[in-house]
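A.B. asks: Have a look at this one before I ask anything.
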Amino acid sequence: MELFFAGLTGLIAGILVNYLADVLPTLRKLAQPVCIQCGTHYSWKDYILVKACPNCKKARSWRTYVALAAGIGISLALWLNPPTRMGYWLGLIVLVFFGLVVVIDIEHRLIMHVVTLAGAFLGVITGTIRYNLVTSLLGGLAGLGIMLVFYGFGVLFARYRARKLGTDDGEEALGFGDVTLSAVLGLMLGWPVILYGIMIGVLAGGIISIVLVIVLIILRRYETMNVFTAYGPYLVLGAVLLMYFPHAITVLFGK
């Protein structure tokens, strides 16, 4: 019965991630879900039961099913092995936040301020429970400051790129949403662990970007200075490793 409850809770978490990822980037508010293809409103029943759009008959995206399956699996794993200092409930809530950030950033190249604002509130609670308020706030300031420096370099690169291309297409090497997300992750990870979190995120993003460039070169689709990637998922990856796998720092950094 307990595992059934955990599975059901995970299913609800997956539905929540899907719903917020569907409505926030398009409607900019909490509202009845709509089809992203034709804009027709779903009934709540059809949306929860993952039915096709009643108007254009377009099936739901594969992300919908991945989020539901991931929610169930993660909830069961947390129930059986709750994370240190957080426990099952807080551990699940934090992962729902992470899932929302990752889905929106991958699909829209966007980290919404309303999401990071909610994350900041969650981050203070999480950091205080895991450490204490001072450690949490110091981590948040460190995350904000470090990524502001990277953001500044990104702005300079964007200007250089615009001059080379002769046009400004609005692409950014690093968005300001990544800065605010790093501050939230700093609140959760605390000082000095946020340093390791950012290192993991930057390294993971760099490695994947290099792999992507190599693949595009092989496929003869590579264009100089036109390869951009969402960095939010890599920053979240670093936080997940350090918050949910206690020996990650020792394994990765020998600390």
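A.B. asks: Identify the residue in segment 36-50 that is assigned to a loop (DSSP other than H, G, I, E, B) and closer than 13 Å to Asn18 by Cβ and, among all such residues, is modelled with the lowest pLDDT.
C.D. replies: Here the residue is Ile36.
A.B. asks: Go through segment 64-109 and report how many residues are closer than 26 Å to Pro246 by Cβ and either hydroxyl-bearing (Ser, Thr, Tyr) or assigned to a loop (DSSP other than H, G, I, E, B) (or both).
C.D. replies: Total meeting the criteria: 8.
A.B. asks: Based on what the data block shows, is Thr126 surrounded by 19 or more Cβ atoms within 10 Å (Cβ to Cβ), closer than 19 Å to Thr9 by Cβ and in the same structural domain as Gly186 (by TED's automatic domain parsing)?
C.D. replies: The answer is yes for Thr126.
A.B. asks: Just to be sure before I move on: is Ser61 within 19 Å of Tyr244 (Cα to Cα), among the polar types (S, T, N, Q) and not assigned by TED's automatic domain parsing to the domain that holds Pro246 in the structure I sent?
C.D. replies: Against the criterion (within 19 Å of Tyr244 (Cα to Cα), among the polar types (S, T, N, Q) and not assigned by TED's automatic domain parsing to the domain that holds Pro246), Ser61 does not qualify.
A.B. asks: Would you confirm, using the coordinates I've provided, whether Val50 is surrounded by 13 or more Cβ atoms within 10 Å (Cβ to Cβ), on the phi > 0 side of the Ramachandran plot and not assigned by TED's automatic domain parsing to the domain that holds Gly123?
C.D. replies: So Val50 passes the test.
A.B. asks: I need the full set of residues from segment 9-28 which are farther than 19 Å from Ile93 by Cα and either surrounded by fewer than 16 Cβ atoms within 10 Å (Cβ to Cβ) or among the charged types (D, E, K, R) (or both), in order please.
C.D. replies: Hits for segment 9-28 are Thr26, Leu27, Arg28.
A.B. asks: Closer than 21 Å to Leu92 by Cβ and among the hydrophobic types (A, V, I, L, M, F, W, C), is that true of Ala31?
C.D. replies: In short, no.
A.B. asks: Please enumerate the residues belonging to segment 78-117 that are small (Gly, Ala, Ser) and loosely packed, with under 15 Cβ neighbours inside 10 Å.
C.D. replies: Of everything in segment 78-117, just one residue is small (Gly, Ala, Ser) and loosely packed, with under 15 Cβ neighbours inside 10 Å, namely Gly87.
The values are calculated or read from the model by the stated rules, or taken from the named source; none is laboratory data. Only a predicted model underlies this, so the values are computations on that prediction, with no experimental measurement involved. We place every Cβ from the backbone using ideal geometry, glycine too, and count neighbours over all the protein chains shown.
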